[in-house]
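Undergrad: Starting off with a structure, shown below.
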Amino acid sequence: MPESLKFHFTPVDEAHADEKNVHEKASTDVADTIDILKKEFPDGISDVVVYAGEYTVFVTRDSLVEICTALKETLGFSYLVDLAGVDRFTEDAPRYEVYYCFVNIHAKKRIRLKVSLDEDDPVLPSITRLFKAADWNERECYDMLGIQFEGHPDLRRMYMPEDFEFHPQRKEFPLLGIPGSLPLPPRTPEGGLTMDPFAAARQGSPVKSYQEPESEF
Amino acid sequence: MDSATGYLTTTVDAVVNWARSNSLMPMPMGLACCAIEMMAFGGPKYDVGRFGSEAMRFSPRQADLMIVAGWCSYKMAHAIRRVWDQMADPKWCIAMGACASSGGMHRCYGVVQGIDNFMPVDVYIPGCPPRPEAVIHALMDIQEKIRNEYSVTNDYSSGSPHAELAQPESARLTADGRDLSLNGSGLVHA
Amino acid sequence: MSVATPYHDQDAIFSFWPRHNETLLKRLESKDAWLSTERGLDVSRIEDALEHEMTLNIGPQHPATHGVLRCVVKLDGERIEKCVLDIGYLHRGIEKLAESKTYQEFMPYTDRMDYLSPYANNVAWCMAVEKIANVEVPERAQWIRMIMCELARISSHMLWLGVGLMDAGAVSVFLWTFQGREDLYNIFDEVSGARFTVSHSRIGGLASDLSPKAIEMIQDFAIRYEGIIQGWQKLLNRNRIWIDRNKDIGVISADEAIQLGLTGPNLRGSGVAYDIRTFEPYLKYEEVDFTIPLREEGDCLARYHIRVEEMLESIKIINQCLEQMPEGPIRTDDAKKAYPSKDEVYYSMEGMIHDFMYTETGVAPPKGVASYHAIESPKGELGFYLESDGTGCPWRARLNAPSFTNLQGLESMMEGHPVADIVVLIGSIDPVMGEADR
């Protein structure tokens, strides 16, 4: 393969760890919680990244449920705020990431977990047994990125109709969609479905109802 | 009008059109942000009751003007079309806002790029969202359109008076775009 | 053009998303079967299914669903046995759209998420970008943002009140609250030039300062509407019909609310004091004095009380902001991080180049970083999770929509109530589908 030309649209800044972010919040400083987690799950936590005072804890897939249980039951992070997936779209590293945002309402703390997933095996254990709030978020993640959640009671699509077969948040899905994947209603009373999303531009306007042929009855 | 005898001559068309145009009952297909401006259009300040259209009918069978307000997703398109098919003739449609007219700023996989891809539209309103004044203007345009229609003399809803109308459009239209089937019926084809 | 797709035979008559409806019904049936065994119900009642059982489909086009929410409910007589919600009828994929826009370009899309309070969304987006790109915001801009956020909260709650009462059968309150909204529209119009899709906030500050006339209008609004909102309270707080429709309807306990992930007034109505304004204070909320209304009951009436009291608190905040607001610049003076002022653009070469550059690429956060910032929008916690790849467009922009999380709780809230309470319940949750469907 020929070496691709390296081209950046803008000069890329690297993150400076020592730079003080003016929007840092006290609530995201969870260093002591992470220490506890590290002690309890030495193999479960692969990395901890800090940016803008926010800690992102990378956990392995096998220990995700255990860590969530510990967060909920012993550390007080009982409120799931957000759950979503990210498509990294790279070849060299795990392609998908799913992040979980938990809040401890009484201690006023916020923590973020992240799990990396391979492209060939985008399966995660569901945490709906622990947090009911994860239900719709996991369904949305499945709809948008095609990540399967094992043990989810009702893994249907969240937004798109079941008749659709793609996962639009993936980077390879074109922004304008795939023509013909979502049919439009027929343009004539007896006609077939419109598979062309730009039918108005190519086929004239739809018939008016008074143009229909005489009734046989 | 003759004041001594007290009668008035007019055409049936004029009376019917006058009645129709001043009592349009909108079916608010409120989908997104434009629906809020549509509420303002029916609300106290802009008061569309002045134009006889304050009675919003949420049942398609009681309405004759559909206002599609907001972007229309592919998933919703079939519901809109079904509601439109349930409305009784004669009926008119306003595509309110850029999204309903052409997809607008939402040029992406979920949004139909203009509702005229699957249903006929009479008036398009630009704006994102249009101000209520613009919606009132569109309503007045529809009224104008109704007043210029031949509602009884050429009532196509109970079958076409012209056999030619059943022909495909290509057979009826002349090279310069005139409609042969309408000749002699008094219709001026613009 | 014909692309062969499964499930769609071009010649067959299309029923409404055939496979989608099938799975929806299957879900309803499976939920029903599970509930019957769980509740130990008599199976023999299935035999006389025609007597009193009914599956009812409400929406997506229904005036009481506040947009295009679809509920499929299984009724036993008049009681709701089971409910399955179906959303996505407004889905357009703004998260995907954001990936192809620069940070500043995405601003108008945030207006159209929660279109009852666009200013709050603008501020949420700006603050999320400012956090990931580390942009400082001048004092005065923060105070103005706060004022406008609180006005947005009032406007959202006003529409909720009017429409909610219309669902319960009282049309006149809609006309009154809409008059209030028209007054607010006039303020937004004066401030930004648009009635409600304002796009007035900018990354690193604001588009323009408040004019003296706008400040006068806001002061006037705050004075007049304190009394008017109290008047609404007088009308409704002891209104027999309103109380009967709302009391003990859709009760959610504090534990359940946390489990279901409710946010905003719905969570506070159950007695959980979680409000981002005090949880992790942003803007200048630490410097003003206000209380957060809290109720223990967890029913629709509690949620009503909280929203109306929040409107009064907002007016209190606005009055303090107007007093404490300092003079000064409204946008940060760093051409890499915010638009230069119009004076610079028109009268200096560098200013114009910076303006072009900012429109072309805009602010570029460091490569490979991620951050999350949330504000308390009228509906609850509205957060943006951003990931950057070092260019001017976000690699991933995730919207944590409060309406979405709140709707999740609606299914279990509905079960066991009469069918007439559906409209009141949907109203009290206050979902906006543009936001929930992303």
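Undergrad: Just need a number here: residues in the range C:275-294 that are part of a loop (DSSP other than H, G, I, E, B) and open to solvent by 60 Å² or more (accessible area, probe 1.4 Å).
TA: At the first step, the residues of the range C:275-294 found to be part of a loop (DSSP other than H, G, I, E, B) are C:275, C:280-284, C:288-294.
Adding the requirement that they be open to solvent by 60 Å² or more (accessible area, probe 1.4 Å) leaves C:289, C:291, C:294.
Total satisfying the criteria: 3.
Undergrad: Please tell me if C:S201 is away from chain B (no Cβ under 12 Å), of a type in the set (S, T, Y) and open to solvent by 30 Å² or more (accessible area, probe 1.4 Å).
TA: no
Undergrad: Just give me the residues in the range C:295-309 being open to solvent by less than 10 Å² (accessible area, probe 1.4 Å) and not hydroxyl-bearing (S, T, Y), in sequence order.
TA: C:G298, C:D299, C:C300, C:A302, C:R303, C:I306, C:R307, C:V308, listed by residue number.
Undergrad: Does A:R88 fit the bill of being out of contact with any Gly (no Cβ under 9 Å at 6 or more places or on another chain), surrounded by 15 or more Cβ atoms within 10 Å (Cβ to Cβ) and either within 9 Å of chain C (Cβ to nearest Cβ) or free of Cβ contacts under 8 Å to residues at least 40 places away in the same chain (or both)?
TA: yes
Undergrad: Please specify each residue of the range C:95-116 satisfying the condition of being among the hydroxyl-bearing types (S, T, Y) and either more than 11 Å from chain B (Cβ to nearest Cβ) or surrounded by fewer than 24 Cβ atoms within 10 Å (Cβ to Cβ) (or both).
TA: Answer for the range C:95-116, where residues must be among the hydroxyl-bearing types (S, T, Y) and either more than 11 Å from chain B (Cβ to nearest Cβ) or surrounded by fewer than 24 Cβ atoms within 10 Å (Cβ to Cβ) (or both): C:S100, C:T102, C:Y103, C:Y109, C:T110.
Conditions tested, residue by residue: (1) over 16 Å from the mean Cα position of the chain (by Cα); (2) not basic (K, R).
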{"site": "C:V123", "(1), (2)": "no, yes"}
{"site": "C:C126", "(1), (2)": "yes, yes"}
{"site": "C:Q142", "(1), (2)": "yes, yes"}
{"site": "C:A152", "(1), (2)": "no, yes"}
{"site": "C:S155", "(1), (2)": "no, yes"}
{"site": "C:R181", "(1), (2)": "yes, no"}
{"site": "C:L206", "(1), (2)": "yes, yes"}
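Undergrad: Anything in the range A:72-85 that is assigned to a loop (DSSP other than H, G, I, E, B), crowded, with 18+ Cβ neighbours inside 10 Å and either of a type in the set (G, A, S) or outside the structural domain of A:F149 (by TED's automatic domain parsing) (or both)? List them, or say none.
TA: Answer for the range A:72-85, where residues must be assigned to a loop (DSSP other than H, G, I, E, B), crowded, with 18+ Cβ neighbours inside 10 Å and either of a type in the set (G, A, S) or outside the structural domain of A:F149 (by TED's automatic domain parsing) (or both): just A:S78.
Undergrad: Moving on. If we scan the range A:116-139, do we find a residue that is in contact with a Pro (Cβ under 9 Å, 6 or more places away or on another chain), hydrophobic (A, V, I, L, M, F, W, C) and either in the same structural domain as A:P94 (by TED's automatic domain parsing) or at pLDDT below 90 (or both)?
TA: Yes, the range A:116-139 contains at least one residue that is in contact with a Pro (Cβ under 9 Å, 6 or more places away or on another chain), hydrophobic (A, V, I, L, M, F, W, C) and either in the same structural domain as A:P94 (by TED's automatic domain parsing) or at pLDDT below 90 (or both).
Undergrad: Just to confirm my filter: which strands (runs of 3 or more DSSP E) fall fully inside the range B:1-99 and include at least 3 residues that are among the hydrophobic types (A, V, I, L, M, F, W, C)?
TA: The qualifying strands (runs of 3 or more DSSP E) are B:65-69, B:92-96.
Undergrad: Considering only the range C:251-262, state which residues are outside any helix (DSSP H, G or I) and either open to solvent by 10 Å² or more (accessible area, probe 1.4 Å) or more than 9 Å from chain A (Cβ to nearest Cβ) (or both).
TA: Selection gives C:V251, C:I252, C:S253.
Undergrad: Name the residues in the range A:150-163 that are modelled with pLDDT of 85 or more and either open to solvent by less than 10 Å² (accessible area, probe 1.4 Å) or out of contact with any strand residue (DSSP E or B) (no Cβ under 7 Å at 6 or more places or on another chain) (or both), would you? First the steps, then the outcome.
TA: Within the range A:150-163, the subset modelled with pLDDT of 85 or more is A:150-152, A:155-161.
Of everything in the range A:150-163, those that are modelled with pLDDT of 85 or more and either open to solvent by less than 10 Å² (accessible area, probe 1.4 Å) or out of contact with any strand residue (DSSP E or B) (no Cβ under 7 Å at 6 or more places or on another chain) (or both) turn out to be A:H152, A:R156, A:R157, A:M158, A:Y159, A:M160, A:P161.
Undergrad: Would you check if there is a residue in the range A:54-66 being over 22 Å from the mean Cα position of the chain (by Cα) and buried (at least 16 other Cβ atoms within 10 Å of the Cβ)? Explain how you work it out, then say what you get.
TA: Within the range A:54-66, the first condition is being over 22 Å from the mean Cα position of the chain (by Cα), and the residues that meet it are none.
No.
Undergrad: Can you tell me which residue is nearest to the other protein chains (Cβ to nearest Cβ) among those in the range A:127-146 that are buried (at least 23 other Cβ atoms within 10 Å of the Cβ) and assigned to a loop (DSSP other than H, G, I, E, B)?
TA: Within the range A:127-146, the match that is nearest to the other protein chains (Cβ to nearest Cβ) is A:A133.
Undergrad: Here is a check on your reading of the model: is C:R240 modelled with pLDDT of 90 or more and within 21 Å of C:V173 (Cα to Cα)?
TA: Considered against the rule, which asks whether it is modelled with pLDDT of 90 or more and within 21 Å of C:V173 (Cα to Cα), C:R240 comes out as no.
Undergrad: Would you point out the residue of the range A:22-52, among those that are surrounded by 17 or more Cβ atoms within 10 Å (Cβ to Cβ) and at the interface with another protein chain (Cβ under 9 Å from one of its Cβ atoms), that is modelled with the highest pLDDT?
TA: Here the answer is A:Y51.
Undergrad: Identify the residue in the range A:104-126 that is closer than 13 Å to A:D62 by Cα and β-branched (V, I, T) and, among all such residues, is surrounded by the most Cβ atoms within 10 Å (Cβ to Cβ).
TA: Among those residues, the one meeting the criterion is A:V115.
The values are calculated or read from the model by the stated rules, or taken from the named source; none is laboratory data. This structure is a prediction, so every number in the text was calculated from the model and none was measured. Cβ coordinates were reconstructed from backbone atoms using ideal geometry, including for glycine residues, and neighbour counts include every protein chain displayed. The accessibility values were calculated without ligands, DNA or RNA, using every heavy atom of the protein model including side chains. Shrake-Rupley method; radii C 1.70, N 1.55, O 1.52, S 1.80 Å.
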